[in-house]
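Report on the following structure.
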Amino acid sequence: MLSRVFAPFGLVLLVLVLLFPWPASAQGQGDHDPEALIRSYDLEVAETPVRQRPGWERPDRILVRGDPERVRWLQPVAPGVELVPVAGIGQALERLPGADAVIGLCSAELLERGEGLDWIQIYTAGAEDCVRLPEFDRRKPLLTNMQHIAAPVIAEHVMAMVMSLSRHLPAFHAAQRAGRWAREPAITHDMRVIKGKTMLVVGLGGIGTETARRAHALGMTITATRASEPKGPEFVSEVGLPHRLPELIPEADVVVNALPLTDDTVDLFDAELFRSMKASALFVNVGRGGTVVTEDLLAALEDGTIAGAGLDVTDPEPLPEGHPLWRAPNTIITPHVATRSDLEVEAHWRLVRENLRRYVAGEPMLSVVDPERGY
């Protein structure tokens, strides 16, 4: 299954890598320069130092999900603090007594039993699984995440899907596997270019902004929605607040969903929204599966309400074997891997190291999650 999914992306990804050089810090430069990391990934810095947080004290013991060698690499920025490597929840619970913070894990059991936990650093951008825990609401620890760190590679994944669907690469790849020279109109009649088309980015955060940047460079007009304010970078022609989504979506040739899962976004993309899209439009979801009514998306694909979809997230997830969405026409499904790349790991750990340094020193933290918003 995976070989059939990924094979059409090879040439597309090569083009994207050549067109869009990665930030210097992502290429191994600026490893010890926090300001370069912040600039490269447009990271948000908290307005107040963590030492002003009620109850903050310099930590004595922090659990880190990672191998011992990685923990030794982190140790110099936390002098005098015991960094304890753990492999998972079970080991973390065993070593939890006396811990002031946990890096890489969040669970109800940790929050319930870790009376001294004041800071949790998660390894994902999505924070809903943590902030929705009743124990999180009761304890209210400081939570930091991976906002923006994976944005460049996810944006490349989006563009690979858009370009593959626009050029019907999945259909040609299926024909290739069957050993068939397929130039029939059923495949080729609506092949399209993306230059001159309009992309609507729903959720103009880190992922949405990096996607917009790449799409604009390839000649697309970009519109967007965002919850914070109706403003965006110069390469986005129009930005609206979320209530303008029904107004903007009918004009889009490509709709990219980069939304987090919150009370306001659950089941947002439903039959009504899909009916308001162009019949020639493509839908790409790299946000959260729960923002889409799966049955409505499937119906829209099967009856031609929309032209195709690229999905890195689904609801349910993992998508069960035999689910009808696997067979939806002109659809690419990847198993929630848009963040994966050869460049992701070091940027991820540089953020962890800098936040560890800042927490120990009592400085303003990076990528702090707002529990009320859920991201």
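Details
- Lys-Lys pairs in the chain that are eight or more residues apart or on separate chains and whose Cα atoms lie under 28 Å of each other come to 5.
- Relative to the longest principal axis of the Cα atoms of the chain, the long axis of helix 344-361 makes an angle of roughly 30 degrees.
- Mean Cα-pair separation over length for region 231-375, i.e. relative contact order, pairs under 8 Å, 6 or more apart, %: 18
- Rel. contact order, % - alpha carbon contacts under 8 angstrom, at least six apart, the chain: 19
- Bridges between two residues of the chain, per DSSP, are antiparallel at a rate of about 5%.
- Three-way shape label, region 220-287, alpha-carbon gyration tensor, a/c 1.5: oblate
Only the coordinates and a few stated rules stand behind these numbers; no lab work does. In this text the structure is predicted, and so the values were computed from the model without any measurement.
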